[in-house]
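Let me begin by presenting the structure, written as structure tokens, before commenting on it.
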Amino acid sequence: KIEHSQDFLRYQIPGKQKYLPCDYAVEGDYSSVAFLLAAGALTGNVTVTNLKKDSKQGDKRIVEWLKEMNAEVTQEENSVTVKKSNLTQTNLDALNSPDLVPIASILAANASGTTVIENVSRLKIKESNRLQSTLELLNSFGVAANATENTLTINGTQTLVGTEIFPPSDHRLVMSAVVAGLAAKGETIVNNPVAIKKSYPDFFDHLRVLGADLMPQAGSFGQKIQVKIYGESHGKRIGVIIEGVPEEIQAPLEYIQEEVDQRRSKSLLSTARKESDQVKIISGIVDGKTNGQKIQLEIENF
């Protein structure tokens with residue numbers, strides 16, 4: 001039993017009560033789901049279940065914002081579906097939903113026209129100065145945006161350009177950067193990805209289930225020649241980037257393939273998986289010789 005004042009500002013819980021066992025279903029979190037719904041509006045169809053239509057969560061407002069931006073949204077009693085849409089500008093009030101601003105700004109960046117988000121001053125005292133960090137994120141993707149004390153103005157564009165992002169250790173900035181990367185032209189590298197663990201540790205796994213091409217990338221090693229490895233065993237691709245190799249070095253695809261073939265399972269003590277491991281030259285090698293540019297090799301996982 002909980003007693004409260006009429007305005008819900010004062011609560012009183014009588015003592016010497018006993019807890020009773022019960023079944024209780026915890027509803028989905030609109031704050032986290034906002035990133036998946038935004039990905040649907042920008043790149044393809046997404047349906048998220050366990051979202052109560054009559055939820056009291058303030059960040060349920062993301063559904064209204066998507067509709068205001070002309071997204072195709074279908075809301076059932078316990079689910080929301082968003083389809084890829086041609087978004088348009090609008091004006092948003094973030095007074096009671098400041099956590100939605102980073103991902104809303106990515107939606108606005110992909111919309112036609114200029115979107116103004118008001119009442120954003122509280123973002124300065126989040127896990128990072130989220131107002132400044134959001135502005136820097138937008139600028140990194142080539143989006144024209146500016147901020148005042150309490151407003152964020154975004155000039156929408158249809159041509160976000162993939163880039164390398166160094167967001168602060170802020171889960172919402174990292175997830176916003178990833179969604180922006182899905183919609184951008186070209187490859188995007190998002191550093192500090194572990195920040196998502198604060199609120200949504202399964203974020204990358206869920207995006208992969210939806211078909212997103214996401215790969216972890218190891219830090220580089222080497223000095224004169226730098227090597228980076230990316231991808232994972234059960235992902236869509238694995239690959240390597242090698243920088244610092246001079247031009248005119250013989251590196252025919254046949255030789256590279258022979259070397260890769262040596263890692264294939266050959267005994268009963270190793271994996272039973274049989275994969276072709278066909279190497280593709282993405283860049284850096286032309287007519288069997290290095291050209292002095294970044295060498296990138298990939299193997300698709302089928």
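The values are calculated or read from the model by the stated rules, or taken from the named source; none is laboratory data. Note that this is a predicted model, so its numbers are computed, not measured. Note that each Cβ is placed from the backbone with ideal geometry, even for glycine, and that neighbours are counted across all protein chains shown. The area values use the complete protein model at the heavy-atom level, side chains included, leaving out ligands, DNA and RNA. Shrake-Rupley method; radii C 1.70, N 1.55, O 1.52, S 1.80 Å.
Of note:
- Mean-position separation - Cα centroids, the stretch 231-255 and the stretch 1-53, in angstrom: 48
- Across the stretch 16-146, Cα pairs under 8 Å and at least six residues apart give a relative contact order of 20 percent.
- Rounded D (µm²/s) - the chain, Kirkwood Rh over Cα pairs, Stokes-Einstein at 20 °C, 1.002 mPa s: 96
- Whole-percent carbon and sulfur share, accessible surface of the chain, 1.4 Å: 51
- Computed with a 1.4 Å probe over protein heavy atoms only, the accessible surface of the stretch 7-49 comes to 74 Å² per residue.
- Sorting 73-84, 96-107 by average packing, meaning the other beta carbons within 10 Å per residue, from highest down gives 96-107, 73-84.
- The residues of the stretch 101-250 present an accessible area of 49 Å² per residue when probed at 1.4 Å with all protein chains retained.
- FRET efficiency for the pair Gln223 and Glu164, taken as 1/(1 + (r/R0)^6) with r the Cβ-Cβ distance and R0 = 22 Å, rounds to 0.60.
- Ordering of 192-205, 116-129 by burial proxy (mean other Cβ atoms within 10 Å per residue, highest first): 116-129, 192-205
- Peptides 248-255, 41-48, 209-216, ordered by how many other C-beta atoms sit within 10 Å of their residues on average, highest first, read 41-48, 209-216, 248-255.
- Modelled spin labels at Asn45 and Gln12, positioned 7 Å past Cα toward Cβ, are 5.5 nm from each other.
- If the segment from Gln57 to His4 were pulled out straight at 0.36 nm per residue, it would be longer than the present Cα-Cα gap by 17.1 nm.
- Here the gap between Thr81 and Asp93, fully extended at 0.36 nm per residue and compared with their Cα-Cα distance, gives a gain of 2.0 nm.
- Per-pair calculated FRET efficiency, R0 = 51 Å: Asp287 and Glu72 via Cβ, rounded to 0.05: 0.60
- Over 26 Å (Cα to Cα) - which of Lys1/Lys56; Lys198/Lys280; Lys52/Lys185 fall in this group: Lys198/Lys280; Lys52/Lys185
- Per-residue [θ]222 nm for the chain (sum of -39500 (n - 2.57) over DSSP H runs n ≥ 4, rounded to 500): -7000 deg cm²/dmol
- Greater than 30 Å apart at Cα, pairs in Lys124/Lys228; Lys197/Lys228; Lys224/Lys289: Lys124/Lys228
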